[in-house]
Amino acid sequence: MSDKNKDRTFLIGLSKGEDLIKEITNEVQKRNIEKGIIQAIGAVSQAKIGYYDQKNKEYLYTEFKQHLEIVNCMGNISILEGEPMVHAHIALADKSGKTYGGHLAEGTKIFAAELFIQEISGQKLIRRYEKDRGLTLW
Ligand code: ZN
């Protein structure tokens with residue numbers, strides 16, 4: 001059995017053209033990281049971010065067909081349906097410095113991204129669907 005008290009950290013350069021949330025999830029899953037936090041900076045060639053409509057319990061998405069800076073992307077790693085799952089939010093800036101932000105969705109394409117992963121040992125965090133809020137939560 002591996003030493004679960006020794007938390008690992010990683011700095012990883014992600015590939016151009018790949019989907020940001022899919023790549024982060026891939027890097028997490030291939031290292032078997034079940035709990036932790038992630039951060040990333042870099043730039044994207046297009047983006048899709050979500051806003052959760054709390055009344056109607058659904059995500060509303062906005063797509064950006066433009067080049068944007070990743071001012072900050074941060075998130076966490078926990079377990080959903082037996083698999084490590086990354087939940088991340090992102091702040092993106094345009095040429096003038098105006099920022100947009102929200103829930104990081106598939107459809108955000110990497111131009112360049114530097115990913116930091118911090119593993120956290122101990123008991124797993126399990127996501128379960130909560131009907132009242134319409135989300136999978138801890
Ligand atoms: Zn979110």
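Read-outs: derived from the displayed coordinates by stated rules, not from any lab. Keep in mind it's a predicted model, so treat the numbers as computed, not measured. Ideal geometry is used to build each Cβ from the backbone, glycine not excepted, and the neighbour counts take in all protein chains shown.
Stokes-Einstein diffusion for segment 26-93 at 25 °C, viscosity 0.890 mPa s, with a Kirkwood radius from C-alpha pairs, works out to 182 µm²/s. Summary of the geometry: segment 74-138 and segment 13-32, compared by the centres of their Cα atoms, lie 12 Å apart. For the chain, the residue among A105, L11, Q54 whose Cα projects farthest onto the positive side of the dipole built from Cβ charges is Q54. In the chain, Cα pairs under 8 Å separated by at least six residues give a relative contact order of 37 percent. Listed by chain and number, the lysines whose alpha-carbon sits under 23 Å from that of K55, ignoring those within fewer than 8 places in the same chain, are K131. Computed about its Cα centre, the charge dipole of the chain is approximately 140 debye, with only Lys, Arg, Asp and Glu carrying charge at their Cβ. With the simple spin-label model, which puts each label point 7 Å out from Cα in the Cβ direction, the S15 to F116 separation comes to 2.6 nm. Just list whichever of K6/K48; K30/K124; K35/K98; K48/K95; K6/K30; K65/K98 have alpha carbons separated by over 24 Å in the model shown. As for pairs spanning more than 24 Å Cα to Cα, those are K6/K48; K35/K98. Assign one of three labels to the chain, namely rounded, prolate or oblate, based on the Cα gyration tensor with a ≥ b ≥ c the square roots of its eigenvalues; rounded applies when a/c is under 1.5, prolate when it is not and a/b is larger than b/c, and oblate otherwise. Oblate shape, in that a/c is at least 1.5 and b/c is the bigger or equal ratio.
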